[in-house]
Amino acid sequence: MDTINDRLVIAGREFKSRLWVGTGKYKDFVETKKAIDASGADVVTVAVRRVNITDRSKDNLLDYLDPKKYIILPNTAGCYTVEDAVRYARLARAAGVSDLVKLEVLGDEKTLFPDTAGLIEAAKILIKEGFIVLPYTNDDPIVAKKLVDIGCPAVMPLAAPIGSGLGIRNPYNLKIIMETVKVPIIVDAGVGTASDAALAMEYGADAVLMNTAIAGAQDPLAMAEAMKYAVWAGRLAYKAGRIPRKLYATASSPIEGML
């Protein structure tokens, strides 16, 4: 398979890499840029509430990221109300960042699980205003279908709680979502290491988004590179088609015709 031309398309926009990365938890913007470069990602998510991308008079993450090379995806991380999420999405667009938005409306400070009712409400408002809304949601196929029905061109279900590193806790729900909706599925949150990313892609995810798994690693640059190859390998394996699982052994070499 030609991985170079195996592009992800969302709402008519083409993305080169199926690994998307965040920008939080690094020691500084220099390390952030180095890790993003090592990952090969071209989509970079930025929490509008937490990272300066609007005030050019102060140290600004966008000064370290070439807009010709990266697609900046503002997100509403840290927002617990519909009003806050909508306000920060509007702020990012007003600052000229993007009309793409990763929409988060959180429901609980301890688990950081989404408030799905609030998420749907905020998505409706932003879609009506012309935003391209990529919603961060739980692994509920019904919620995923509702989000697509109101106009979301992709869905971003969690694999596990944000920053937990637990990997994919419920692969069956993710598979049902992939069968239920006919838009790209970007597995978001919970990836801990390269095998988690590869597995998500082998299940049929269209992309994987991560932050803590890279930024929190002992060597973020090495982990970023590992994640790049893991996503490639998982996508190749998914497209190639794995062999069926069997209870008993099957000889690799044919025995017919042997004396």
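Of note:
- Qualifying residue in segment 185-204 (condition: at pLDDT 95 or above, closer than 20 Å to Lys33 by Cα, among the small types (Gly, Ala, Ser) and open to solvent by 40 Å² or more (accessible area, probe 1.4 Å)): no
- Top-ranked residue of segment 108-137 - restricted to ones that are at pLDDT 95 or above and part of a loop (DSSP other than H, G, I, E, B), ranked as nearest to Val82 (Cα to Cα): Asp115
- Count of residues meeting criterion [β-branched (Val, Ile, Thr) and open to solvent by 40 Å² or more (accessible area, probe 1.4 Å)] in segment 155-166: 1
- Looking across segment 167-184, the residues that are of a type in the set (D, E, K, R) and either in a helix (DSSP H, G or I) or surrounded by 19 or more Cβ atoms within 10 Å (Cβ to Cβ) (or both) come down to Lys175, Glu179.
- Matching residues, segment 97-130, being surrounded by 19 or more Cβ atoms within 10 Å (Cβ to Cβ) and farther than 23 Å from Val208 by Cβ: Asp115, Gly118, Ile120, Ala122, Leu126
- Evaluated against (1) open to solvent by 60 Å² or more (accessible area, probe 1.4 Å); (2) within 18 Å of the chain's Cα centre (by Cα); (3) closer than 21 Å to Ala123 by Cα; (4) at pLDDT 95 or above, Val148 falls short on exactly one condition, (1).
- Scanning segment 221-255 for residues that are of a type in the set (D, E, K, R), out of contact with any strand residue (DSSP E or B) (no Cβ under 7 Å at 6 or more places or on another chain) and under 20 Å from Gly167 (Cα atoms) yields Glu225, Arg235.
The values are calculated or read from the model by the stated rules, or taken from the named source; none is laboratory data. As the structure is a prediction and not an experimental result, all values here were calculated from the model. Positions of Cβ are backbone-derived with ideal geometry, glycine not excepted, and every protein chain shown enters the neighbour counts. Each accessible area value is taken on the protein alone, full model and side chains, heavy atoms only, with ligands, DNA and RNA left out. Shrake-Rupley method; radii C 1.70, N 1.55, O 1.52, S 1.80 Å.
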